[in-house]
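In what follows, a single structure is set out as structure tokens and then discussed.
The values are calculated or read from the model by the stated rules, or taken from the named source; none is laboratory data. All values derive from a computational prediction rather than experimental measurement. Using ideal geometry, Cβ is built from the backbone for each residue, glycine included, and neighbour counts are taken over all protein chains shown.
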Amino acid sequence: MYTFSELLKEIRSESDLTQKEFASALSVSTVLISMIETKQKEASKAFIIKLAEKLEVHPSSITPFILLDDDFNKGNISEIEKKFIEIGEKLQKHLIKNKSKKLKKYAFKAKR
């Protein structure tokens, strides 16, 4: 399971965009993208909504992972939570592999 910063990097990487192009696609600054990816800043609600709009998904499909951190330990959770995590991992793969390509069109529209 990816943390939010890792998920953001994976989405950007799969969309084959630089931080500058990715920021342009989301109408935010490159500095913001860099800071979120390096865990120097947390993503705001407005940022998550913008990202969800561009990926053409509901924001709740991104937010279950926002509080996950590097120290997460699956051993201390219930079976239902483990199932939720499994679903979350599948959803993250879907966001990365299937939805990230949608960002490219916004990056290149912004360049015009």
Response to the item:
Only unsatisfied item for Leu103, checking (1) modelled with pLDDT of 90 or more; (2) of a type in the set (A, V, I, L, M); (3) touching a Leu at 6+ places or on another chain (Cβ under 9 Å), is (1)
Worksheet entry | Subset of segment 1-27 [surrounded by fewer than 18 Cβ atoms within 10 Å (Cβ to Cβ) and of a type in the set (Val, Ile, Thr)] | Thr3, Thr18
Worksheet item: Only one of (1) part of a helix (DSSP H, G or I); (2) surrounded by fewer than 14 Cβ atoms within 10 Å (Cβ to Cβ) fails for Lys39. Which number is that?
Response: (1)
Discussion item. Any residue at all in segment 59-68 that's assigned to a helix (DSSP H, G or I), β-branched (Val, Ile, Thr) and either more than 12 Å from Phe4 (Cα to Cα) or at pLDDT 95 or above (or both)?
Written reply: no
Response to the item:
By residue number, the members of segment 72-94 that are of a type in the set (S, T, N, Q) and exposed (fewer than 10 other Cβ atoms within 10 Å of the Cβ) are Asn73, Asn76, Ser78
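From the list Lys97, Lys54, pick out the single residue that is within 13 Å of the chain's Cα centre (by Cα), surrounded by fewer than 16 Cβ atoms within 10 Å (Cβ to Cβ), at pLDDT 90 or above and not polar (S, T, N, Q). Can you show your working first?
Working: Lys54 fails: surrounded by fewer than 16 Cβ atoms within 10 Å (Cβ to Cβ).
Lys97 is the lone residue from the list that is within 13 Å of the chain's Cα centre (by Cα), surrounded by fewer than 16 Cβ atoms within 10 Å (Cβ to Cβ), at pLDDT 90 or above and not polar (S, T, N, Q).
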